[in-house]
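To start, the structure under review is shown below, and the notes come after it.
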Amino acid sequence: MTAAAPTARRARPKAHAGLFRYSAWDAIPAGLVFLHIGLLLAFFLAWPQLSWPARLAGAGAYSLAIGWSLDSVSHNFIHNPFFAWEPLNRLTSLLLTLALGTPQTMYAYVHMRHHAGNSDRIGEDGTTVDPISLYQYGADGKVEPPVSYIFRQFWRDDGPFTVARKIRAKRPKEARQALQEFWAIVGVYGVVLVLNWRFVLLLAPLYYLGHCLSFLIAWYEHAGADPDQPIATGVSTYEPVYNWAFLNNGYHAEHHHRPKVHWTRMRALREETHEAQAAAGVRTLRYAHFLGFLDRKASAVPTARPPRQPAAAGG
C-alpha cells in the first residue's frame, strides 16, 4: 500500500523589496498606518499641555483621519494585504483597529458584502445584499437621500457580536481575530477612559462624524451608478489631489469592476476599460467624492425616503 503524500504547505507569496506581498509601493500605506496610530498616541500624551483650541483642532484631525483611512489605507489593506508575512498583516490589522476604533476584520467582512451587492437594489425578499446599499432605505426604486444616509447609516450597522457570528459561519479563524480586535478596543480605550475621560468624551462625537465622512464618500461613490452593469457599479472621479491623498479611491467604477487590482494600477485599468465604460454610460464626477454635492450630475440623482409606517393601534 502506497504511503500518502505529505500535505503540501501553502506557498508563501513572493515578497517585493523582501517584505511586501503585491508591491513595494505599499510601504506608503503601511507607513501611514504607523504614522496614524503614532499621532493619535502623541495627541493623548500631549493633551495636558494643549490649549482647548489645540485640543479641538486635534479632535477634528482625528475625525478626518477616520474618514480618510476607511476609504484609503484601511480600504486598500482589505483588498490587498500589504505584507508577504502574515504576522505583519495581523499586526497591521490590529493597529488599524486601534487607530479607527473599528475592528478591521469586521470592517473587511462588511466591505466585502458591499462588493457582493455593489449597492444593489432591493430584492424580492425586501432586502439588499450590500448592507450599506444606497437603495436599502430608499423607496420607489430610488436611492436614499444623502443627508439621511450619511448621518443615519452608522446607527444601522450590525453589532460586533452579530458580525462575528456571520463571519464564523464560514471562517471561524477570522471570527476569532475579529473578536480579539473588538476586545482590544474595549481594553485599550477602557484604560484611556480611566486615565483621561475628557479625552474620550471629546473624541466620541468626532469618531461618529469620521464615519459620517466615510458614508458621505460612499454616497457619492454610488449615487447614479448602475448596480445591474458590472462595469458601471461605481462613480469615478479623476480629481488628481483627491486620488493622490486617497490612494486612487477616485477610480471607483474601475475598483468595483475589478476589486483586486492594486491601487497603483488604477490609472492603467482606467485606460484599459475606458471604451467599455463609455459604452455603459459610467458616471463620473468633476470633484472629489466628499465634494460630490458641488457636481450638478450628482445633485440630479433621484432620491426618495421610504414612507413612514402608521402608528400601531391600541392603548
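Evaluated at q = 0.12, 0.27 Å⁻¹, the base-10 log of the normalised Debye intensity for the range 98-147, with identical point scatterers placed on the Cα atoms, takes the values -0.31, -0.94. Per residue of the range 66-76, what does 6.51 cos²θ - 1.76 cosθ + 1.60 with θ = phi - 60° give for ³J(HN,Hα)? Whole Hz please, x for Gly and Pro, Karplus curve as stated. After applying 6.51 cos²θ - 1.76 cosθ + 1.60, I find 5, x, 5, 5, 4, 10, 9, 5, 4, 5, 5 Hz. Looking only at the range 192-230, which residues have a backbone nitrogen under 18 Å from a spot 7 Å from the Cα of ALA279 in the C-beta direction? Counting backbone N atoms under 18 Å from the label point, the list is 226, 228-230.
Here LYS297 is the anchor, and the lysines within straight C-alpha reach of less than 26 Å, apart from those fewer than 8 places off in the same chain, are LYS142.
Applied to the range 181-186, the Karplus parametrisation 6.51 cos²θ - 1.76 cosθ + 1.60 on θ = phi - 60° returns per-residue 3J(HN,Hα) values of 5, 4, 5, 5, 4, 4 Hz, with x for Gly and Pro. Among LEU100, LEU179, LEU56, the largest mean-square fluctuation in a Gaussian network model of the chain, built with springs joining Cα atoms closer than 10 Å, belongs to LEU56.
The Rg/Rh ratio of the range 88-233, with both radii computed over alpha carbons and Rh defined as the Kirkwood radius, is 1.01. Once you reduce the range 28-103 and the range 155-176 to the center of their Cα atoms, the two points are 23 Å from each other.
Close amide H pairs (under 5 Å, H built 1.01 Å from N) link LEU285 with SER236, THR237, TYR238, residues at least 5 positions away or on another chain. For the Cα trace of the range 244-309, dividing Rg by the Kirkwood Rh returns an Rg/Rh value of 1.07. Rolling a 1.4 Å probe over the protein heavy atoms of the range 1-158, with every protein chain left in place, gives an accessible area that is 64 percent carbon and sulfur. Considering only Cα atoms, the convex hull volume of the chain works out to 229 Å³ per residue. Taking θ as phi - 60° and the Karplus parameters 6.51, -1.76 and 1.60, the scalar couplings of the range 282-290 work out to 4, 7, 10, 10, 7, 10, 4, 4, 6 Hz in sequence order, x denoting glycine and proline.
Remark: accessible surface ordering of TYR238, TYR22 (largest first) is TYR22, TYR238, probe radius 1.4 Å. Here the spin labels are modelled as points 7 Å beyond Cα on the Cα-Cβ line, and at THR162 and ARG286 they lie 4.1 nm apart. Where only DSSP H runs of four or more residues are counted, the chain gives -18000 deg cm²/dmol as its mean residue ellipticity at 222 nm, each run worth -39500 (n - 2.57). Under a Gaussian network description of the chain, with springs only between Cα atoms under 10 Å, the residue in TRP183, TRP219, TRP155 that fluctuates furthest is TRP155. Mean-square fluctuations from a GNM of the chain, with a 10 angstrom spring cutoff on Cα atoms, peak among PHE215, PHE246, PHE151 at PHE151. For the chain, a crude dipole built from +1 on the beta carbon of Lys and Arg and -1 on the beta carbon of Asp and Glu, taken about the Cα centre, is about 780 debye to the nearest 20.
What whole-number value in cubic angstrom gives the convex hull volume per residue for the C-alpha atoms of the range 137-187?
101 Å³
Let me make sure I get this right: for the range 1-156, a, b and c are the square roots of the gyration tensor eigenvalues over alpha carbons, sorted descending. Under 1.5 in a/c it's rounded, otherwise prolate if a/b > b/c, else oblate. Which is it? Cα axes put the range 1-156 in the oblate bin. Calculated FRET efficiency, ALA46 and TYR238, Cβ-Cβ r, R0 35 Å, to nearest 0.05? Taking R0 as 35 Å, the efficiency between ALA46 and TYR238 is 0.35.
Using amide H atoms built in the peptide plane, which far-off residues or other-chain residues are under 5 Å from PHE20 H to H? Result for PHE20 returns ALA84. The trypsin sites (Lys or Arg not before Pro) found in the range 150-242 that occupy coil by DSSP, while having at most 11 further C-beta atoms within 10 Å, are LYS170.
The values are calculated or read from the model by the stated rules, or taken from the named source; none is laboratory data. Given the structure is predicted, the values throughout are model-derived calculations rather than measurements. We place every Cβ from the backbone using ideal geometry, glycine too, and count neighbours over all the protein chains shown. Heads up: the accessible areas ignore ligands, DNA and RNA and are worked out on the full protein's heavy atoms, side chains in. Shrake-Rupley method; radii C 1.70, N 1.55, O 1.52, S 1.80 Å.
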